[in-house]
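Participant: Dropping a structure here in structure tokens format, bear with me for questions.
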Amino acid sequence: MAARNRMPPWHENVRLANGRDLLIRPIRPEDADPMRAAFSLLEPDEIRQRFLHPMKELTSKQADQLTRPDPRRDFALVAAEPLPPGEALVGAVARITIDANGKDAEFAILVSHYVNGMGLGRHLMRRLVRWAKGRKVQRVYGDVLESNMPMQALAQSLGFRSEPTAEAGLVRVVLDIPPPKPKLPPLAAPLQPSPGNR
């Protein structure tokens, strides 16, 4: 998957292995209707892996909540057709929300089977983690179905560890983010001998 062109912050043109061009960008309120339309194209297993329970539709209220993240604690990206928001079909959504403690953040990623298996989930996850680091989050986590082995394998390859959960059938993947290293003061310039000491 190749990225190209200079774009605004968190915007990125990518070309998948199958030659399809997508635009990764922050989610917009105009994405609500295309997301509802795309929801009907998802397989039941895709819906269950993202929402952890069956759903027949994405309601207007749910779509509105997804497409209006709180900038103080939420960050959401979509991978969509390179068309204006409101017209572009959305193929993937990645979201992260900082918990009330300000130290932990929960992620969720949904990649449609139309663009699955081409590195898009990994690409989006790395950007969620990068955003979390910028907000000084100490731990990123997500609850994943035990049967969702591809997501568990992806998380493990990116340094996540697995933890049990109180809910049967779920496993929690956790990434500990080390605090940034303190910046060292610049090295002092070596003393130059005075002309009289040469």
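Read-outs throughout are calculated quantities, based only on the coordinates presented, and are distinct from any laboratory measurement. Keep in mind it's a predicted model, so treat the numbers as computed, not measured. Ideal geometry is used to build each Cβ from the backbone, glycine not excepted, and the neighbour counts take in all protein chains shown.
Participant: Pulled fully out, how much extra length does the chain show between LEU83 and HIS113, if you take 0.36 nm times their separation in residues and subtract their Cα-Cα distance?
Facilitator: Roughly 8.8 nm would be gained on extension.
Participant: Right, here's the next one. Counting Lys +1, Arg +1, Asp -1, Glu -1, what net charge surrounds GLY102 among other residues with beta carbon under 15 Å of its beta carbon? Mind showing how you got there, number by number?
Facilitator: Details: positive: ARG72, ARG73, LYS103, LYS133, ARG135, LYS136, ARG139; negative: ASP70, ASP74, ASP99, ASP104, GLU106.
Net local charge, GLY102 excluded: +2.
Participant: Next question, about the same structure. How long is the gain from ARG135 to ASN101 if the chain were fully straight, where each residue apart is worth 0.36 nm and the alpha carbon distance is subtracted?
Facilitator: Details: separation 34, 0.36 × 34 = 12.24 nm, distance 1.26 nm.
Here the segment from ARG135 to ASN101 would lengthen by 11.0 nm.
Participant: Full-extension gain between ALA37 and ARG122, please, as 0.36 nm times their residue separation minus the C-alpha to C-alpha distance.
Facilitator: Working: separation 85, 0.36 × 85 = 30.60 nm, distance 2.46 nm.
Length difference between fully extended and current span is 28.1 nm.
Participant: Where Lys and Arg each count +1 and Asp and Glu each count -1, what net charge lies around PRO180 among other residues with Cβ under 11 Å from its Cβ?
Facilitator: +4
Participant: If we count every other residue with Cβ under 9 angstrom of PRO85's Cβ, Lys/Arg +1 and Asp/Glu -1, where does the sum land?
Facilitator: On the way: positive: ARG25, ARG28; negative: GLU30, ASP31, GLU87.
Counting the neighbours of PRO85, the net charge comes to -1.
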